[in-house]
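For reference, the structure is listed below as structure tokens.
The values are calculated or read from the model by the stated rules, or taken from the named source; none is laboratory data. Given the structure is predicted, the values throughout are model-derived calculations rather than measurements. In this analysis, Cβ positions are derived from the backbone assuming ideal geometry, glycine residues included, and neighbour counts consider all displayed protein chains.
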Amino acid sequence: MISLTNINKQYGRQLVFVDASFQLNPGEKVGLVGPNGAGKTTLFRMVIGEESPDEGDVSVPKKVTIGYFRQDVEEMQGRSVLDEAIAGSGRAGELHHELEALQRAMEDPEQLDNMDKILERFGEVQEEYEHLGGYTLEAQAREVLAGLGFADEQVEGDVGALSGGWKMRVALARVLLGRPDVLLMDEPTNHLDLESIIWLEQFLRGYEGSLLMTSHDREFMNRLVTKIAEIDGGEIISYTGNYDFYERERTIREANQQAAFARQQSMLAKEQRFIERFKTHAAKAAQVQSRIKALDKIEKIELPKKRQIVKFDFRVPARSGDQVAVIEDLHKSYGSRVIYQGFSLTVRRGERWAVMGRNGAGKSTLLKMIAGATQPDKGEVRLGASLTMGYFAQQSLDVLNPDLTVIDQLQSDFPQDGIGSLRSLAGAFQFSGDDVDKKIRSLSGGEKSRLAMARMLYNPPNFLVLDEPTNHLDLATKEMLVEKLKDFEGTMIFVSHDRMFLRGLGSRVLELGGETGKERLPRIYPGSYDEYVQALGHEAPGIHT
């Protein structure tokens, strides 16, 4: 269907693709992987024609429709959320809005002279719209928006009033509603909660077109893709299987390449010794020249490229008292919306609470009240003895100094520590090489999140309150963080949509908005996240798979 053949692409001195080839076949679901800067976005942009290769061919059949979900969302305003979602849903969306305009024209007395033309055009548009299934479009749009977490009142509300993260969801809805032949998706789960991720997973499983996507969510990738395309050193290497299969095969491939490299180096050294030994012997001159020519023709095997994953050992926090946080008779409302009504919970030393719940259930609100960032309307939150708290949320980024570089910020925070240790800390959170000299004002939201997390965990507190700590972390950094937090000797309460994080760390589950009788009450589950899923038969409140 879509093919890239012998692609070459260069930006200045940076070689992105070197004689790279790749094919996306009808109905395939492919995960696109590679380190930051490898060329994943460039590949997407070449497929949709926003960029061209320096050499080689990109072939996209003319009749193939492509939907592209990207991380940079254009300005949205002047429409309801529903209309904005429909507007970008391909030809049916265009016809939907033309029908609305024509209906307004038919009701306009000033358009009486043009009425014949308007009615003729209305009939043409209506016929095409019906043929494309347009009359079910609004119902489909509402279903998709609900799946992505929008409440009914939000669907009718002004799209311009939404935050950036919610506008990303509208952009995602537009692409899904278009039902294109090919979906290109750049990190579609970045701004979604677990419920919406699971809904999207189910939607894409039933999608009959081709899918090419990047994702830092291992579970999401494993459940959807049947092929991995890795961009590595300018090449595109395909593996038939999911992400776990790719990792195993890549390890085997690297081991084989390492062994082949060692064998070739041994052979080359042996030949070189022969040449050095006999280059002055007239009787061996012909053999020497023959071996020199043979060596020149040999294609040299290169060592496999090593992923730079910096290990870092975080310090052990001081011991806290047994009762870390006691929440008693908590009440909290926003206007007429009741979030908590008489809620109580005790968090004890060493527990790791995973807080689950749909949008609006009060997950972030609970963490803010525990951290003291928001006060309850009634009731209290008492923190235990000998407690030091680390609170991570999007607001954590506000304390970073935009005029400092990454390494300057770390040196300012930890003046007693050596530059080597601080560089290792930065490296563990994917700030390597010249990245540490970037000004904080120029960092992306994801980079700022990683820096804020690094600062908090360098001298870890004994009580971690984490609101979506894995947003924007790549898989390698996320896995490092989970492994290190498994050994964390303090207490945690966290909100996360990442199942690897939930499965690796959740030893208790608090489900907000769980159904108990006629009321939607919090449910406390005394086991791990895995045990919770097994016992209740779902991975997120209200979502059954």
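Select from segment 412-439 the residues that are surrounded by 13 or more Cβ atoms within 10 Å (Cβ to Cβ) and either touching a Cys at 6+ places or on another chain (Cβ under 8 Å) or of a type in the set (D, E, K, R) (or both) and list them in ascending order. Across segment 412-439, the qualifying residues are Asp413, Asp417, Arg423, Asp435, Lys438, Lys439.
Step by step: first the residues of segment 142-165, then only those that are touching a Ser or Thr at 6+ places or on another chain (Cβ under 8 Å) and among the aliphatic types (A, V, I, L, M), then the one that is nearest to Ile197 (Cα to Cα). Which residue is that? Quick ask: steps written out before the conclusion?
Our first condition is that a residue be touching a Ser or Thr at 6+ places or on another chain (Cβ under 8 Å); within segment 142-165, this holds for 147-149, 155-159.
Next cut, among the aliphatic types (A, V, I, L, M) only: 148, 155, 159.
Numbers: Leu148: 8, Val155: 19, Val159: 21 Å.
Taking the candidates together, the pick is Leu148.
Does segment 75-94 contain at least one residue that is without any contact (Cβ under 8 Å) to a residue 60 or more places away in the chain and over 30 Å from Gly157 (Cβ atoms)? No, there is no match, as no residue in segment 75-94 is without any contact (Cβ under 8 Å) to a residue 60 or more places away in the chain and over 30 Å from Gly157 (Cβ atoms). If the condition is being in contact with an Asp or Glu (Cβ under 7 Å, 6 or more places away or on another chain) and more than 23 Å from Arg91 (Cα to Cα), then segment 141-193 contributes Gly149, Thr189. For segment 7-28, how many residues meet the condition of being within 13 Å of Val58 (Cα to Cα) and surrounded by fewer than 19 Cβ atoms within 10 Å (Cβ to Cβ)? Here the count works out to 4.
Just checking, does segment 40-59 include any residue being under 29 Å from the mean Cα position of the chain (by Cα), among the aromatic types (Phe, Trp, Tyr) and in a strand (DSSP E or B)?
From segment 40-59, those under 29 Å from the mean Cα position of the chain (by Cα) are 40-53, 58-59; that's our starting set.
Subsequent filtering for residues that are among the aromatic types (Phe, Trp, Tyr) retains 44.
The next check asks that each one be in a strand (DSSP E or B); those that pass are none.
No, there is no match, as no residue in segment 40-59 is under 29 Å from the mean Cα position of the chain (by Cα), among the aromatic types (Phe, Trp, Tyr) and in a strand (DSSP E or B).
Leu466: within 20 Å of the chain's Cα centre (by Cα), in a strand (DSSP E or B), under 23 Å from Arg218 (Cβ atoms) and not aromatic (Phe, Trp, Tyr), yes or no? Considered against the rule, which asks whether it is within 20 Å of the chain's Cα centre (by Cα), in a strand (DSSP E or B), under 23 Å from Arg218 (Cβ atoms) and not aromatic (Phe, Trp, Tyr), Leu466 comes out as yes. Taking the conditions (1) closer than 30 Å to His216 by Cα; (2) exposed (fewer than 12 other Cβ atoms within 10 Å of the Cβ); (3) not basic (Lys, Arg) in turn, His281 satisfies each one other than (1). Check whether at least one residue in segment 385-403 is farther than 30 Å from Val436 by Cβ and exposed (fewer than 14 other Cβ atoms within 10 Å of the Cβ), and report yes or no. Yes, segment 385-403 contains a residue that is farther than 30 Å from Val436 by Cβ and exposed (fewer than 14 other Cβ atoms within 10 Å of the Cβ). Quick check: anything in segment 286-306 assigned to a loop (DSSP other than H, G, I, E, B), among the basic types (Lys, Arg) and closer than 30 Å to Leu425 by Cα? Checked segment 286-306: at least one residue is assigned to a loop (DSSP other than H, G, I, E, B), among the basic types (Lys, Arg) and closer than 30 Å to Leu425 by Cα. Counting only helices (runs of 4 or more DSSP H) that sit completely within segment 76-142, those holding 1 or more residues that are over 21 Å from Ala161 (Cβ atoms) correspond to 90-106, 115-131.
Give the residues of segment 156-175 that are touching a residue at least 60 places away in the same chain (Cβ under 8 Å) and surrounded by fewer than 19 Cβ atoms within 10 Å (Cβ to Cβ), sorted by residue number.
Taking segment 156-175 and keeping what is touching a residue at least 60 places away in the same chain (Cβ under 8 Å), we get 156-160, 162, 164, 167-168, 170-175.
Within segment 156-175, Glu156, Gly157, Asp158, Gly160, Gly164 meet the criteria.
To keep it simple, each residue is scored yes or no on (1) surrounded by 21 or more Cβ atoms within 10 Å (Cβ to Cβ); (2) touching a helix residue (DSSP H, G or I) at 6+ places or on another chain (Cβ under 9 Å); (3) at pLDDT 90 or above.
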residue	(1), (2), (3)
Ile327	no, yes, yes
Val347	yes, yes, yes
Val355	yes, yes, yes
Thr374	no, yes, yes
Arg382	no, no, yes
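Residues that are at pLDDT below 80 and in contact with a strand residue (DSSP E or B) (Cβ under 6 Å, 6 or more places away or on another chain) were ranked within segment 500-539; the one that is nearest to Leu367 (Cα to Cα) is Gly513. Taking into account only those residues within segment 284-301 that are surrounded by 12 or more Cβ atoms within 10 Å (Cβ to Cβ) and under 22 Å from Gln257 (Cβ atoms), which is nearest to the chain's Cα centre (by Cα)? By that ranking, first place goes to Ile301.
Among residues of segment 248-276 that are basic (Lys, Arg), those with a beta-carbon under 8 Å from a residue that is at pLDDT 85 or above at least six positions away or on a different chain give the pairs Arg250/Glu230; Arg250/Tyr239. Return a yes/no flag: does segment 183-190 have any residue that is assigned by TED's automatic domain parsing to the domain that holds Leu99 and β-branched (Val, Ile, Thr). Looking through segment 183-190, none of the residues is assigned by TED's automatic domain parsing to the domain that holds Leu99 and β-branched (Val, Ile, Thr). Restricting attention to segment 148-198 and to residues that are among the basic types (Lys, Arg) and more than 27 Å from Lys478 (Cα to Cα), the residue that is nearest to the chain's Cα centre (by Cα) turns out to be Arg174.
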